[in-house]
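S.K.: The structure's right below; bear with me while I get my questions together.
Read-outs: derived from the displayed coordinates by stated rules, not from any lab. Since this is a predicted model, take the numbers as computed values, not measurements. Every residue, glycine as well, gets a Cβ built from its backbone with ideal geometry; the counts of neighbours run over all protein chains shown.
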Amino acid sequence: MILNIGPSHPATHGAIQIVIELEGETIVRADPVIGYLHRGVEKLAERITYHQFIPYTDRLNYVSCFLNNVGYVMAVEKLVGVEVPERAQAIRVILSEMSRIMDHMVCLGTNVVDIGAFTPFLYMFNVREWGYDILEEVCGARMTVSYCRVGGVSDDLPKGVEEKILKFCELTESTMADVEGLLNKNRIFRDRTVGIGVISQQDAISYGFTGPNLRATGKQWDIRRAFPYLTYDRYEFDIPTHDGGDIWARYWVRMEEMRQSVRIIRQAIKDIPGGRIISDDFKHVLPDKNGVYGSIEGLIHHFKQVMHGINPPKGEAYASVEAANGELGFYLVSDGGRSPYRLRIRPPCFIYFQAFEQMIKGHLIADLVGVLGSINIIAGELDR
Amino acid sequence: MGDVANYMEGLKSQLGDAVGEAKAALDGVPTIEIKPSAIIAALKFLHELPEEGFDLLTDLTAVDWLQYPETGERFELVYLVCSTKANQRIRLKCRISELNPCIESATAVYKGAEWLEREVYDLFGIRFDGHPDLRRIMLWEEFEGHPLRKDFPTRGLHPVERTPES
Amino acid sequence: MGLETAFGPGFITTTLDKVINWGRRWSLYPMPYGTACCAIELMGTLASRYDLARYGAEAIRFSPRQCDLLIVSGTINNKMTPVLKRIYEQMSEPKWVIAMGACASAGGPFDSYAVLQGIDRVLPVDVYIPGCPPRPEALLQAVIKIQEKIDKETVLDRK
């Protein structure tokens, strides 16, 4: 029997369609169909300036918007050759780790709701609301922040926000303790997740897996350690791995990663340096408003950049960040003009969804929703 | 960049003058231009290196150089591979012409190339020989045109929305 | 040939209007058709802080046969349009549509070959919510506006 799941279905996280062939209740073949949220973002990038693309990056992985901003501006900064001051890097690290916690909360919350546990979903969404409060105070928007600029960040941290971030860390830890108390030793949850949706480490690497899904197969690979960026090489943190390769392993790795993120945030807040929050290379970076209104050079730089763009040299650059879901990469090709000649976004979800058929062959339909939730498919990133 | 010398010799001895020079791009990643007939052999060679073993296919994409015909053939394929053992990246590129945009598929070397090549086929129109299931992925089957080509308008070919039913 | 057409406009039909509208406005069954970022704000509205259950619209059901309020939140592209139309046609009367966010109202920032520039090109929309994404309070206000719209309806309009 051929069954069509989606694209409008409660358990498909976003607009994805899976056509499965069943024998009884066992899945024999699966064919995922994507493209229901394809917005042509890579084509749009070819006619707008580099700065104007920053809000579009928010809408890619829309549960952890800040990480996408960081990845894109890092690629532009490599292209242009701009140094980011240390305070801006530390602020980027703090907000990236907060976004990672919020992303894992959604992933795990919706994953366990599909399996049947509703209470952790409400607890985890509460953590998101506290995170939104802080993001609203720092960046001005709850979700789609667009806080990064080429060369730094747009505004400094307001007074008193460090204590709120530390309080957020404590609340995260207590929520995690509650959720683990509900789920970790729960017989039903273990039966529904251990041994389901298994992928071996060799297959995972061959498919191109990165991020928590690869770490759940036992491979210790993290972009923050392999190709360090921002100020990650100054902080102490572990890279949790698990050998199972199943839904339980992915759940466990994400929980541990949130603990490590809290550890990084605490260290970053303690050691946050002072100084500028945006580079002073005003040929490629928007000058501050005092300069724009007060000096003629500031005015001219601002005018040139807004009207003509930043015009980087000809060439190409690739930058990637360890997003909550894996390696999110941005590949920019410049021909010296005001818009990118080609912008390619390397989405982690796209790579994982290829392996979906292999992961659910031989399982039951009820397992399908559990596996789909555990690989954390965000349609905005999958289809761009 | 110094590490590249280790396997550049091996690549050149295997594939001869199909391999160009290794240059560092603006992000510091060594970039090698290779002829289309030898690209899959180069990928296989790098994949099977004992020490580095470029095991992760990070990205596979294409660029349409229609507006700069003096740089070479129209379509440029870019393969970015990564070694998880040695923490290195390397970028391979090749150019194919628009009259016959066809190249061998990389699915024999990396399983992850399957959907990446489907996306390049959908958005650029480049065909991959030996691909197990080459069909459109982002757009629907009856869609006309390949959107990321430079001669395709941003707003689309049809003034009114064309949906799969119409 | 219903009771209301037999009586015509008058005291009985207006009282009937009040009772039916009161019932409908306080028991809306939303169908969350969430595709993109606005769906996350929709989930936030349903969660504990901005509780949509206060307006009686807590029971979200993903089956169009059981719902009467279609909340389209997120970008609708050309591949998704036939699916959206079919879901709308499967809903039974009375039904209302909220276009949540800039993408559903007018295509949003995505003016490209793949995106439908506003769902009102294929569906009749009752309330538009601007924003990218709109705050949960904006969605609550939209539900209140739908309730006000329901209050103005009369049984003589619908067959």
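S.K.: Defining a contact as two alpha carbons under 8 Å apart and six or more residues distant in sequence, what relative contact order in percent does chain A show?
M.R.: Relative contact order comes out at 27 percent.
S.K.: Given a cut-off of under 8 Å on Cα pairs at least six residues apart, what relative contact order in percent is computed for the range B:4-129?
M.R.: This gives 22 percent for the range B:4-129.
S.K.: If you line up the Cα atoms of the range A:32-383 on their principal axes, what length do they span on each, largest first, in Å?
M.R.: For the range A:32-383, the Cα extents along the three principal axes come out at 69, 42, 31 Å.
S.K.: Something else: Mind checking which of A:Glu97, A:Glu236, A:Glu21 has the largest fluctuation in a GNM of chain A, springs on alpha carbons under 10 Å?
M.R.: Checking each option, the largest mean-square fluctuation is seen for A:Glu236.
S.K.: Next up: Among the aspartates and glutamates, select those whose C-alpha is under 14 Å from the C-alpha of B:Lys111, and discard any that sit fewer than 8 residues away in the same chain.
M.R.: Correct list for B:Lys111: A:Asp203, A:Glu357, B:Asp55, B:Asp59, B:Asp133.
S.K.: Something else now. Antiparallel DSSP bridges in the protein assembly as shown: what percent, to the nearest 5?
M.R.: Here the share of antiparallel DSSP bridges comes out near 75 percent.
S.K.: Describe numerically, in nm with one decimal, the distance between label points set 7 Å from Cα along Cα→Cβ at C:Trp22 and at C:Glu93.
M.R.: About 2.5 nm, to one decimal.
S.K.: May I pose another question? Compute the acute angle (0 to 90°) between the alpha-carbon long axis of helix A:161-183 and the principal axis of greatest extent of the alpha-carbon atoms of chain A; round to the nearest 10°.
M.R.: That helix lies at roughly 10 degrees to the long axis.
S.K.: While we're on this one: If I take R0 = 22 Å and measure r between the Cβ atoms of B:Lys44 and B:Asn100 in this structure, what FRET efficiency does the formula 1/(1 + (r/R0)^6) give, to the nearest 0.05?
M.R.: 0.40
S.K.: Net charge near B:Asp17: determine it from the other residues with C-beta under 15 Å of the C-beta of B:Asp17, scoring Lys and Arg +1 and Asp and Glu -1.
M.R.: So the environment of B:Asp17 carries a net charge of -1.
S.K.: Before rounding to the nearest 500, sum -39500 (n - 2.57) across all DSSP H runs of length at least 4 in chain C and divide by the residue total; then give [θ] at 222 nm in deg cm²/dmol.
M.R.: One gets -11500 deg cm²/dmol as the mean residue ellipticity at 222 nm.
S.K.: Same structure, new question: Among the lysines, which fall within straight-line cross-link reach of C:Lys18, defined as a Cα-Cα distance under 21 Å, with same-chain neighbours fewer than 8 residues apart omitted?
M.R.: C:Lys95, C:Lys145, C:Lys149, C:Lys152, C:Lys159
S.K.: Could you compute the net charge surrounding A:Gly274? Neighbours are other residues with a C-beta less than 12 Å from the C-beta of A:Gly274; K and R count +1, D and E count -1.
M.R.: My count for the surroundings of A:Gly274 gives -1.
S.K.: Additional query: Identify all lysines with a Cα-Cα distance to A:Lys164 below 24 Å; exclude those on the same chain that are fewer than 8 residues away in sequence.
M.R.: A:Lys270
S.K.: Putting +1 on Lys and Arg Cβ atoms and -1 on Asp and Glu Cβ atoms, find which of B:Gly28, B:Gly72, B:Ala86 reaches farthest to the positive end of the dipole of the range B:4-129.
M.R.: Going by the Cα projections, it comes out as B:Ala86.
S.K.: For the protein assembly as shown, just run the numbers: alpha carbon Rg, then divide by 2.2 N^0.38 Å, N being how many residues it has.
M.R.: 0.98
S.K.: Using a 10 angstrom cutoff on alpha carbons, build the Gaussian network for chain A and name the most mobile of A:Gly275, A:Gly362, A:Gly244.
M.R.: A:Gly275
S.K.: Based only on the alpha carbon positions, what is the Kirkwood hydrodynamic radius of the range B:4-129, in angstrom?
M.R.: Hydrodynamic radius (Kirkwood, Cα pairs) of the range B:4-129 is 14.8 Å.
S.K.: Per residue of the range A:344-359, in order, report the coupling 6.51 cos²θ - 1.76 cosθ + 1.60 (Karplus, θ = phi - 60°) as ³J(HN,Hα) in whole Hz, putting x for Gly and Pro.
M.R.: 10, 10, 8, x, x, 4, 4, 5, 5, 5, 4, 7, 4, 4, 5, 6
S.K.: Connecting C-alpha atoms closer than 10 Å in a GNM of chain B, tell me which of B:Ala42, B:Ala18, B:Ala106 has the biggest fluctuation.
M.R.: Highest fluctuation of the listed residues: B:Ala18.
S.K.: With the cut-off at 22 Å, tell me which of the pairs A:Lys314/B:Lys93; B:Lys93/C:Lys79; B:Lys150/C:Lys85; A:Lys219/B:Lys35; A:Lys159/A:Lys304; A:Lys78/B:Lys12 have Cα atoms farther apart than that.
M.R.: The answer is B:Lys93/C:Lys79; B:Lys150/C:Lys85; A:Lys219/B:Lys35; A:Lys159/A:Lys304; A:Lys78/B:Lys12.
S.K.: A follow-up question, please. Assuming R0 = 56 Å, can you tell me the calculated FRET efficiency for the pair A:Asp335 and C:Phe11, based on Cβ-Cβ distance, to the nearest 0.05?
M.R.: The pair A:Asp335/C:Phe11 has a calculated efficiency of 0.15.
S.K.: Then there's this: For A:Val93, A:Val19, what's the fewest-to-most ordering of other Cβ within 10 Å of each Cβ?
M.R.: In order of increasing Cβ crowding within 10 Å: A:Val19, A:Val93.
S.K.: So what is Rg over Rh here for the range A:328-368, counting just Cα atoms and using Kirkwood for Rh?
M.R.: We get a ratio of 1.35 for the range A:328-368.
S.K.: Taking the alpha-carbon centroid of each part, what is the distance from the range B:85-164 to the range C:38-81 in angstrom?
M.R.: So the separation of the two Cα centres works out to 35 Å.
S.K.: Taking neighbour Cβ counts within 10 Å as the exposure measure, how do A:Phe237, A:Phe209, A:Phe168, A:Phe118 sort from fewest upward?
M.R.: A:Phe118, A:Phe237, A:Phe168, A:Phe209
S.K.: Spin-label point model (7 Å from Cα, Cβ direction): what's the A:Glu21 to A:Lys185 distance in nm?
M.R.: In this crude spin-label approximation the distance works out to 4.6 nm.
S.K.: Next up: Tell me, how many Å apart are the Cα centres for the range A:237-256 and for the range A:183-221?
M.R.: Using only Cα atoms to place each centre, the spacing works out to 7 Å.
S.K.: When Lys and Arg each count +1 and Asp and Glu each count -1, what net charge do the other residues less than 14 Å away from A:Ala117, Cβ to Cβ, add up to?
M.R.: 0
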